[in-house]
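Below: one structure, written as structure tokens.
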């Protein structure tokens, strides 16, 4: 630590504010806020710090710059603006989201409403971003048509109207515009139409329909039937929009649901906009996060980035993880909402639902974020031509020198020591390769001995591989703990293999064991590498169970039916197919059996199961 930085750390104020860390080139690498700058900034330089991100950050800090504020909310706003300006390496950042358009309502005497990808801070109102561009444009066209919003780019004001600078265009003549350019509609009436569009964009379609119904009834009372008919047509069109919106909540609350899915540095943030109990829009936010970022900080950044751009702030924001500065965020959002809508009195609340319908909505939002993340990763893999993130995460988690592109996994299956079998499944680049699957019938082991069975199957598989001069897979995996793993290692060593990677995955606690180590590896339960191991293990178990059941079924047929002299496998198959089980064959009468396999075989079966000779109806008639 240089003397300048050390001196600044000794003279830190107790005030709230924002701190900026800079590297040796004077570039801002991290921006943070604090209620108490002295306590917060010094916490980075304590010897007990264990976070890999913090350690990496501190090693690059050469200078510190402070900005003192009056309170935490001011610090939060300033921090957000500085992160957007400097885009520091160690902060959660907002990625460039110009690929998605907004709907812009211009700040003019006669506003225009159109889609745009450029945000100009001139007092205009923005709604979005809209990820479903096709539906957004379709809805915008419908709204402009219903409320007859002008599409021209003229700078229309009272002076231009008086001087008659502009002429009526085709839009007026085909009844798609009221002609504000020539003063055929007042600014107040036109802006009332614009306000109606904004209500729809904010999800207040049902409230607008109620207002229009009141106006329609009043027009009828005043015998203004033509005006009433126009309003009626608008109501019908708006109801068509309202019916397309899915009802997801019965409390008719205005809320947003935000959920984030991330793996490594890839992330996807999904936002559900719910207004009056209806899901009116699904949006997404692009975040740039670090591998070791804290989830609470990630959610805090997502909330700040999203609501710093958009004015439509609901009464409630539902998340799955509480942000690190939830109190300051609520205060800032409440103040921002009241500035945009002065008539608003309610406070904005951040909630973490644990049960009920709201919890289900958060879960649905999370699933949507996970789906988006998978899409991002697939596109990224196609572009870079590399393997899935799960494979690279597994290399990291197991400390492998190369990517585990080919994994072979073994599982043992038996029922009380009978019909013991083993399975081997193969995954290549994180996906099952079913053409390479293998089944093994355990021959040399008697009784339920998984360790000996594992030794047998490993020996048979890799002794054959060695004879064929084959190459070992990148990772060998056994289903089980230390016992099964030790059995596999013993055989591999006896076969003369020197360099190989083998692990055991225990079912009960999903623990990963390495050769020669008594304690399991500490792999995070949320790791994509561990999830890939679980997927491989579950597939090996499924394959082994299926093979074992088939073996057991065949053995039952052989011992119960084909053991009867004169009854072969084909006859046994016919009986089981028609009657369903050996028990049903035992209980069947001779007439039923005759229809299926003939008189002679029916008599053999009856005699075998009953132990006495029975006569058929035909014999009785002959005796008579």
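What is the distance in Å between the Cα centroid of the range 98-137 and that of the range 475-526? A separation of 57 Å, based on Cα centres. For the range 102-247, the C-alpha radius of gyration divided by 2.2 N^0.38 Å, with N the number of residues, is 1.09.
Averaging the Cα positions of each part gives two centres, and for the range 252-300 and the range 444-461 these lie 50 Å apart. Note: relative contact order over the range 558-607, using C-alpha pairs below 8 Å and six or more positions apart, is 32 percent.
The C-alpha atoms of the chain define a longest principal axis, and helix 389-398 lies at about 70 degrees to it.
How big is the antiparallel share of DSSP beta bridges in the range 255-380, given as a percent to the nearest 5?
The answer is about 75 percent antiparallel.
Rounded to the nearest 10 degrees, what's the angle between the helix 569-579 long axis and the longest principal axis of the chain, both from Cα atoms, 0 to 90? With rounding to tens, the tilt is 50 degrees. Across all C-alpha atoms in the range 255-380, the radius of gyration and Dmax reach 14.4, 46 Å.
Going highest first, how would you order 42-49, 322-329 by mean Cβ packing within 10 Å?
322-329, 42-49
Set against the 2.2 N^0.38 Å expectation for a compact globular protein, the range 456-605 has a Cα radius of gyration ratio of 1.62. Using every pair of separate Cα atoms, the Kirkwood estimate puts the hydrodynamic radius of the range 73-151 at 14.7 angstrom.
In degrees from 0 to 90, rounded to the nearest 10, what is the angle of the helix 205-221 Cα long axis to the longest principal axis of the chain? Long axis of 205-221 versus the principal axis of the chain: about 50 degrees.
Compared with the alpha-carbon gap, the fully stretched path from residue 70 to residue 587 is longer by 177.2 nm at 0.36 nm per residue.
Set against the labelled values (1) -0.66, -0.77, -1.02; (2) -0.72, -0.84, -1.03; (3) -0.48, -0.61, -0.91, log10 I(q)/I(0) by the Debye sum over Cα atoms at q = 0.07, 0.08, 0.10 Å⁻¹ computed from this structure falls on (2).
When 151, 300 are sorted by how many other C-beta atoms sit within 10 angstrom of their C-beta, beginning with the fewest, the order is 151, 300. Distance between the pseudo-spin-label points of residue 493 and residue 443 (7 Å out from Cα toward the beta carbon): 2.7 nm. With q set to 0.14, 0.17 Å⁻¹, the log10 of I(q)/I(0) for the range 360-491, from the Debye formula over equal scatterers at the Cα positions, is -0.77, -0.96. Here the contact order of the chain, divided by its residue count and restricted to Cα pairs under 8 Å and six or more residues apart, works out to 7 percent. Considering all C-alpha pairs of the range 3-91, those separated by over 20 Å amount to 31%.
Peptides 72-80, 499-507 ranked from most to least packed by the mean count of surrounding Cβ atoms within 10 Å: 72-80, 499-507. Ranked by how many other Cβ atoms sit within 10 Å of their own Cβ, fewest first, the residues 358, 475 fall in the order 358, 475.
Since every read-out is calculated from the coordinates, none of them should be taken as a lab result. These figures come from a predicted structure and were not determined experimentally. Virtual Cβ from ideal backbone geometry, glycine too; neighbours counted across all protein chains shown.
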